[in-house]
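Worksheet: one structure, shown below.
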Amino acid sequence: MAKATREAYGEELAKLVQENDKIVVLDADLAGATKTSEAKKVCPERFFDMGIAEADMIGHAAGLAASGFIPFASTFAMFSAGRAWEQIRNSVAYPHLNVKVCATHAGITVGEDGVSHQAIEDIALMRVIPGMEVYVPCDETQTKAVIDYVAGTDKPCYVRLGRAAVDDVYAGKEVDVTKVNVLREGKKIAVFACGVMVQETLKAAEMLKNEGVDLTVVDVCAIKPCDKKGIVKVLEEHNVIFTAEEHNIIGGLGGLISEIAGEKCPRKIVRIGIKDTYAESGPAKELMAKYKLDANGIVEKIKKELLEEDKEFKYFPFQ
């Protein structure tokens, strides 16, 4: 059943807060949207609405962590990764405090809220902070697995969640969120994807199959620390690599894969994502189509790249 990752987060957090009396929940006046309201319903004494004061929220979360609690602090990704970046760096990451920043409404699928609310820089901003772990789950099952996992660590973590409902990928399956997951085995060409782009890439792979292109699709939930061994294995087994993310192509998943390829296994890397620009207000599906992040856009990008490089790489199947 299609469900937004923010909804899965709220459900799992409500479960965990009842099981572990060290977990506390903070929100910046957006509990209904971030779904931390689910935790408030079952455990109001450990829920704190900090108002529209994200930096203050992170400061309080740091103090609670220093006192032995496990704070989950939530707001929209634009405000947590952007407005509170300095507090996350200095008050959470530098002293290595056990704070979980779970940010919802990431990427352009925020839709009509517009550019001011569309975080396309947050993976890069969090990834660059020393000691900060970064996770981007793609569906309900994986989100709940990520929340369970980070609740059991003592590290500062950033979890990127979305507004829109997404199709199931892992329903009924066990998920190791620390490893890359090869969701579809293909030949010669692989796509690393994260978040909502996992579903779009799987759709694109089925469309391309009908035209003779057999894609390997790899889900990368753990951006940092990443499964370097698993990523290198995929690089070694494929000629050309694509990355797909609902994020600026600079500094996110594409940057991660390019860095690893440069260090361990040189490959041609083509990054699919927001091309260093801003979107605009509009329905999520229309924005995904306009910026070629939906299945059709991924198909178009892959076909274009393969056609341009056919003479050099000699792997393009079309006649």
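Things worth noting here:
For every residue, the table says whether it meets (1) at pLDDT 95 or above; (2) among the hydroxyl-bearing types (Ser, Thr, Tyr); (3) more than 19 Å from the chain's Cα centre (by Cα).
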position: 28; (1), (2), (3): yes, no, yes
position: 37; (1), (2), (3): yes, yes, yes
position: 45; (1), (2), (3): yes, no, yes
position: 50; (1), (2), (3): yes, no, yes
position: 68; (1), (2), (3): yes, no, yes
position: 72; (1), (2), (3): yes, no, no
position: 79; (1), (2), (3): yes, no, no
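- Subset of segment 215-228 (residues that are outside any strand (DSSP E or B) and out of contact with any helix residue (DSSP H, G or I) (no Cβ under 8 Å at 6 or more places or on another chain)): 225, 227
- When segment 234-261 is limited to residues that are out of contact with any strand residue (DSSP E or B) (no Cβ under 9 Å at 6 or more places or on another chain) and farther than 22 Å from residue 297 by Cβ, the one that is surrounded by the fewest Cβ atoms within 10 Å (Cβ to Cβ) turns out to be 236.
- In segment 6-54, the residues that are under 24 Å from residue 141 (Cβ atoms) and aliphatic (A, V, I, L, M): 8, 13, 14, 16, 17, 23, 25, 31, 33, 39, 42
- Restricting segment 127-145 to residues that are farther than 19 Å from residue 244 by Cβ and in contact with a strand residue (DSSP E or B) (Cβ under 8 Å, 6 or more places away or on another chain), the residue that is surrounded by the most Cβ atoms within 10 Å (Cβ to Cβ) is 140.
- Residues that are basic (Lys, Arg) number at least 2 in the following helices (runs of 4 or more DSSP H) confined to segment 1-99: 5-19, 37-42.
The values are calculated or read from the model by the stated rules, or taken from the named source; none is laboratory data. Just so it is clear, the structure is predicted and the values come from calculations on it, not from any experiment. No Cβ is skipped: glycine too gets one built from the backbone with ideal geometry, and neighbour counts run over all protein chains shown.
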